[in-house]
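Chemist: My questions will all concern the structure given below.
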Amino acid sequence: MRRPARPVADVTSRPFLPRHVRMHFDPHRQAWALLSPEKVLWPDEISLAILRRCDGHAQAGAIVRDLAAEYGADEAEVRADVLAFLQDWSDRMVVRL
């Protein structure tokens, strides 16, 4: 029996948070958390900047351009980092591509 192929992040992906995942601000820690059944993830500032743009409409390429402009960073480096992040979090099943 073959396993279905895993989604692969690329610049045309339109990432979004699935219904079972939500972002929540924890006032005690003064930090954002990503809540999922049996999981709590504490994204750093850059991860949070990516996750906030994962609305299912914006393509990963647009997210890359937006972040590169916002942080004054090289677009190729940002692309590699964003796609690696999206792939990792998709593999954890907290982001859909």
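The values are calculated or read from the model by the stated rules, or taken from the named source; none is laboratory data. Predicted, not measured: the structure shown is a model, and the values here were computed from it. No Cβ is skipped: glycine too gets one built from the backbone with ideal geometry, and neighbour counts run over all protein chains shown.
Chemist: Just the residues that are out of contact with any helix residue (DSSP H, G or I) (no Cβ under 9 Å at 6 or more places or on another chain) and either surrounded by fewer than 16 Cβ atoms within 10 Å (Cβ to Cβ) or of a type in the set (Asp, Glu) (or both), please, taken from the range 36-46. Outline the logic, then answer.
Modeler: Here is the first cut: in the range 36-46, the ones out of contact with any helix residue (DSSP H, G or I) (no Cβ under 9 Å at 6 or more places or on another chain) are 36-40, 42, 44-45.
Once the filter is applied, which keeps residues that are out of contact with any helix residue (DSSP H, G or I) (no Cβ under 9 Å at 6 or more places or on another chain) and either surrounded by fewer than 16 Cβ atoms within 10 Å (Cβ to Cβ) or of a type in the set (Asp, Glu) (or both), the range 36-46 yields PRO37, GLU38, LYS39, VAL40, TRP42, ASP44, GLU45.
Chemist: Okay, moving on. Hey, does the range 70-77 have a residue that's surrounded by 14 or more Cβ atoms within 10 Å (Cβ to Cβ) and either within 9 Å of the chain's Cα centre (by Cα) or under 22 Å from PHE25 (Cβ atoms) (or both)?
Modeler: no
Chemist: Starting from the range 59-87, keep only residues that are farther than 14 Å from ALA49 by Cα, then list their pairs with residues that are surrounded by 14 or more Cβ atoms within 10 Å (Cβ to Cβ) and hydroxyl-bearing (Ser, Thr, Tyr) whose Cβ atoms are within a distance under 7 Å, requiring at least 6 positions of separation or different chains.
Modeler: GLN59/SER13
Chemist: Looking for something assigned to a strand (DSSP E or B) and either of a type in the set (D, E, K, R) or modelled with pLDDT under 95 (or both) - is there at least one such residue anywhere in the range 63-84?
Modeler: First, pick out the residues of the range 63-84 that are assigned to a strand (DSSP E or B): none.
No; the residues of the range 63-84 include none that is assigned to a strand (DSSP E or B) and either of a type in the set (D, E, K, R) or modelled with pLDDT under 95 (or both).
Chemist: Also: I'd like to verify a number: residues in the range 23-62 that are among the basic types (Lys, Arg) and either over 12 Å from the mean Cα position of the chain (by Cα) or modelled with pLDDT under 95 (or both), how many?
Modeler: Here is the first cut: in the range 23-62, the ones among the basic types (Lys, Arg) are 29, 39, 52-53.
Add one more test, that the residue is either over 12 Å from the mean Cα position of the chain (by Cα) or modelled with pLDDT under 95 (or both), and what stays is 29, 39.
Number of matching residues: 2.
Table: residues versus (1) of a type outside the set (S, T, N, Q); (2) surrounded by 12 or more Cβ atoms within 10 Å (Cβ to Cβ); (3) assigned to a loop (DSSP other than H, G, I, E, B).
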residue	(1), (2), (3)
ALA5	yes, no, yes
ASP10	yes, yes, yes
ARG14	yes, yes, yes
ARG19	yes, no, yes
PHE25	yes, no, no
ARG29	yes, no, yes
LEU48	yes, yes, no
HIS57	yes, no, yes
GLY61	yes, yes, no
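Chemist: SER90 - would you say it is assigned to a helix (DSSP H, G or I), surrounded by 13 or more Cβ atoms within 10 Å (Cβ to Cβ), of a type in the set (Ser, Thr, Tyr) and in contact with a Phe, Trp or Tyr (Cβ under 9 Å, 6 or more places away or on another chain)?
Modeler: Here the answer is no, as SER90 does not meet what is asked.
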